[in-house]
1. Tell me whether the stretch 34-52 contains one or more residues that are of a type in the set (K, R) and assigned to a loop (DSSP other than H, G, I, E, B).
2. Determine whether the stretch 86-95 contains at least one residue that is of a type outside the set (K, R) and closer than 19 Å to Y136 by Cα.
3. Considering only residues that are more than 15 Å from C96 (Cβ to Cβ) and of a type in the set (G, A, S), which ones fall in the stretch 30-64?
4. Is there a residue in the stretch 52-70 that is of a type in the set (S, T, Y), more than 27 Å from M118 (Cβ to Cβ) and over 11 Å from the mean Cα position of the chain (by Cα)?
5. Would you pick out the residues in the stretch 32-47 that are farther than 17 Å from R85 by Cβ and either surrounded by fewer than 18 Cβ atoms within 10 Å (Cβ to Cβ) or among the aliphatic types (A, V, I, L, M) (or both)?
6. Does Y59 satisfy the condition of being among the aromatic types (F, W, Y), buried (at least 16 other Cβ atoms within 10 Å of the Cβ) and not in a strand (DSSP E or B)?
7. Pick from K28, K112: which is loosely packed, with under 15 Cβ neighbours inside 10 Å, closer than 27 Å to K134 by Cα and not aromatic (F, W, Y)?
8. Starting from the stretch 106-132, keep only residues that are closer than 23 Å to F82 by Cβ, then list their pairs with residues that are in a helix (DSSP H, G or I) and aliphatic (A, V, I, L, M) whose Cβ atoms are within a distance under 9 Å, requiring at least 6 positions of separation or different chains.
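The values are calculated or read from the model by the stated rules, or taken from the named source; none is laboratory data. Treat the numbers as computed from the prediction; the structure is a model and nothing was measured. Every residue, glycine as well, gets a Cβ built from its backbone with ideal geometry; the counts of neighbours run over all protein chains shown.
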Amino acid sequence: MNEIKIRKAKEIEIEWINKKYAEVGFKKSVFENELIAIAEYESLNSGLGRIVKIDDVNYELGGMYVFEEFRNKGIAEKIVAFLIRSENFEDKHIWCLPFENLENFYAKFGFKMAEKTMIQTPKEITEKHNWCNKTYEKKVLLMVKEN
């Protein structure tokens, strides 16, 4: 069985992380404000994900990127599970801006379409959601996980 390991990124890795994100047009990471996870498949870096602190109540899960040669191995699922369980997010909201085809994937982790909740969307998330839908060809959804 092939081993998938998820670990917290080290600050020394930020340049490599941002290089990988630049390859797919994702915004750069700011190490001091994020929990960044790196996936390893058979000891090779195989993917990334992050949770960004917006304020004391709101966080954003994003930057989910599994490198092409490692896809369809369950890596993205392990990254999401690692990130949402790495910190105590009780009484917090975790926002997610996935491509439309990933709605069911994030629903498995308790994310719901934001318009189906009573949660006030932070300005930063609204602005990023609008930016994503102007920037990417695929439709980007607005989802949230209530803890």
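1. no
2. Within the stretch 86-95 (the criterion being of a type outside the set (K, R) and closer than 19 Å to Y136 by Cα), the answer is yes, since at least one residue qualifies.
3. Selection gives A39, S43, S46, G47.
4. Taking every residue of the stretch 52-70 in turn, none turns out to be of a type in the set (S, T, Y), more than 27 Å from M118 (Cβ to Cβ) and over 11 Å from the mean Cα position of the chain (by Cα).
5. Selection gives E32, N33, E40, E42, S43, L44, N45.
6. No: the conditions fail for Y59.
7. K28
8. These pairs meet every condition: Y106/V80; K108/V80; F109/V80; F109/A81; F109/I84; G110/I84; I125/A114.
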